[in-house]
Amino acid sequence: MAALDQHFYHNSIRTYTAAFGTIFNNIYIVRSDGKKIKIPLSYSSRQKFDITQKYEETNAHTKVKFPRIGFVLTGWSRDPQRIQNKHDLMYQQIDRTQVNTVNKQLNRVPYIFNYQVTVGTKNLDDMFQIMEQIAAWFNPSLNINITENPDLGIETSLNVMMTDSNLADDYEGQMEDEKTLISTFNFDVEGFLYMPTSNQGVIQTITLNYYDLNDPDTILERDIIP
Amino acid sequence: MCATYMINQYVSNYNETSEQDLQDDLVVEAIQMKGVDMNYLPRTLVDYDYLFGEDPSSAFNGSYTIEMYPANVDGFGGGGDMITTIGFEIKDTATFLVSKSRFAEELQTQSITKPMVGDLLYLPITRSFLEIKHVEDESPFYELGKQYIWEVKTETFEFSYESFETGDSTIDDLINNDIMYYDPETETEEYGKNDEIQTESDTFVDFNENDPFGVK
């Protein structure tokens, strides 16, 4: 029998990625002429067909539209700081009076997911507006409450911590060289990976028998709790 | 004391204005024969930032047709089409030659005497907006003692919500239909997936910035 022979998938990483993206979803810059611009956000690692098809449609050719924010999952690692007894069980968050069985899983595995956010702008003032709106919230971290793991419906407070950030203002070189203005923010998202789901019956009725200690064979009273 | 001449004083290679004028005419004719009509879009500074040396609110309020000779006869140079962490970029470069005398003639009404870094060129063939990165004024080097062309080095334009009201309907329509076809205050360009991310997250994210337990 193979050790890992059961398919399971709890959508955890997609959930964390979308939740993480939500943080940067509504950032604006405001220009001195009053123009307000919502910063486009996208997951960076897209299929090439998805990227190029859209740009074939446009007739006008420019280099790129700035500002933009991209984010991407760059790695993950088990988090020994938050590890708990792996034999503990987690149960479905549900009203047990309404069901006969509940889902259960062995304890979740704490994982840190590393995300990188890249901000590209043409102007320094745009960059600083975006930077201030992002960095001020991470002092040093931000918590987002999410409902995850559909089998259990668990509510998790997702801790998002900014680990470092930097600015690449590449302005030196020959006049015709490209000038780029990119800032990068790295984050750790303290999430979990979940074990396979199984079922457990819900106790529907409890029968309490009261015995005489001097006569253990005699039931003095019986309560049945539905 | 007489001036000392080391070169042959009986041949004038560098100071003969009639020869220079002929050369200039030939350059103009060659560019008009083999060049392309381009639109020169001068940049207007609206709110110049002295500290960072930029103007995010720049405007392009005019369009002037001038013939130029594309020095890159085998296509654009540069990095080409690139995929980066922030999307798709067209990193094309091109060099164009424009007659100094013709340029001054066409743009004298605007008091523009030479192509300026930061101004744009529009190349109708490819519908490309190109930003002038450098203007070389010593190449080729003093033929017959004079410079006849500007060598204009360009790169595809990085659009960042500058204002375009050039008065040229072709260019303005292109900007309005292909680049600024949305309201940037409420919508995003094609790169942005803001709405989709928000819609998906709304089903499982509960974030309230006023919740004291929401910020650790």
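Across every pair of non-identical alpha carbons in the range A:103-226, the mean reciprocal distance, once inverted, gives a Kirkwood radius of 20.2 Å. Peptides A:196-207, B:43-54, B:155-166, A:115-126 ranked from most to least packed by the mean count of surrounding Cβ atoms within 10 Å: A:115-126, B:155-166, B:43-54, A:196-207. Per residue of B:181-194, other chain Cβ atoms within 10 Å of the residue Cβ number 6 on average. All C-alpha to C-alpha distances of the protein assembly as shown, sorted into 20 Å bins beginning at zero, yield P(r) values of 20, 38, 23, 12, 5, 2, 1, 0 percent in whole numbers. Based on the Kirkwood approach, the hydrodynamic radius assigned to chain A is 22.2 Å, with every pair of different Cα atoms included. Amide H contacts of A:L158 (H built 1.01 Å from N, in plane; Pro and chain starts excluded): A:I144, A:N145, A:I146 sit under 5 Å, all sequence-distant by 5 or more or on other chains.
Indicate the gyration tensor shape class of the range B:1-63 (rounded, prolate or oblate), computed on the Cα atoms with a ≥ b ≥ c the square roots of the eigenvalues: a/c under 1.5 is rounded; otherwise a/b larger than b/c is prolate and the rest oblate. In terms of gyration-tensor shape, oblate. Ordering of A:91-101, B:132-142, B:81-91 by packing is B:81-91, B:132-142, A:91-101, highest average first (other Cβ atoms within 10 Å, averaged per residue). Inter-part distance, the range A:39-104 to the range A:127-186, computed on C-alpha centroids, equals 15 Å.
Placing dummy labels 7 Å off each Cα toward the beta-carbon, the span from B:D195 to B:Y142 is 6.2 nm.
Database remark: amide H of B:I149 closer than 5 angstrom to the amide H of B:K100 (H placed geometrically; neighbours at sequence offset of 5 or more, or on other chains; Pro and chain starts carry no H). The coefficient of translational diffusion for chain B, derived via Stokes-Einstein from the alpha carbon Kirkwood radius under 20 °C and 1.002 mPa s, stands at 102 µm²/s.
Were the residues from B:V73 through B:T203 laid out at 0.36 nm apart, the gain over their Cα-Cα distance would be 41.3 nm.
Shielding value for A:39-46 is 6, the average number of Cβ atoms from other chains within 10 Å of each residue's Cβ. The share of C-alpha pairs in the range A:63-102 whose separation exceeds 17 Å stands at 69 percent. Find how many whole Å separate the alpha carbon centroid of the range B:164-208 from the alpha carbon centroid of the range B:25-55. With the range B:25-55 and the range B:164-208 each reduced to a Cα centre, they are spaced 29 Å. Simple spin-label estimate for B:D47 and B:M6 gives 5.7 nm between the two label positions (7 Å along the Cα-to-Cβ direction from each Cα). Normalising the average separation of contacting C-alpha pairs (under 8 angstrom, six or more residues apart) by the number of residues puts the relative contact order of the range A:130-226 at 17 percent. Computing FRET efficiency as 1/(1 + (r/R0)^6) for B:M82 and A:N114, where r is the C-beta to C-beta distance and R0 is 35 Å, gives about 0.90.
Sorted on the mean count of surrounding Cβ atoms within 10 Å across their residues, most packed first, peptides A:129-141, B:55-67, A:165-177 read B:55-67, A:129-141, A:165-177.
Per-residue ellipticity at 222 nm from helix content only, as computed over chain B with -39500 (n - 2.57) for each DSSP H run of at least four residues, stands at -5500 deg cm²/dmol.
Using the Cβ-Cβ distance between A:I83 and A:N214 with R0 set to 60 Å, the FRET efficiency from 1/(1 + (r/R0)^6) comes to roughly 0.75.
May I ask you to list the residues of the range B:144-188 whose amide nitrogen lies under 13 Å from a point 7 Å from Cα along the Cα→beta-carbon direction of B:N15? So the set is B:145. Counting Cβ atoms of other protein chains within 10 Å of each residue's Cβ and taking the mean over peptide A:133-146 gives 3. DSSP beta bridges fully contained in chain A are about 95 percent antiparallel.
The label-point distance for A:N166 and B:L22, in a model that sets each label 7 Å from Cα toward Cβ, rounds to 6.1 nm. The value for the range B:119-216 of Rg(Cα) / (2.2 N^0.38 Å) is 1.84.
Each reported figure results from applying straightforward, stated rules to the coordinates on display, with no laboratory input. Note that the coordinates shown come from a computational prediction; the quantities given were computed from them, not determined experimentally. Cβ sites come from the backbone with ideal geometry, for glycine too, and all protein chains shown count toward neighbours.
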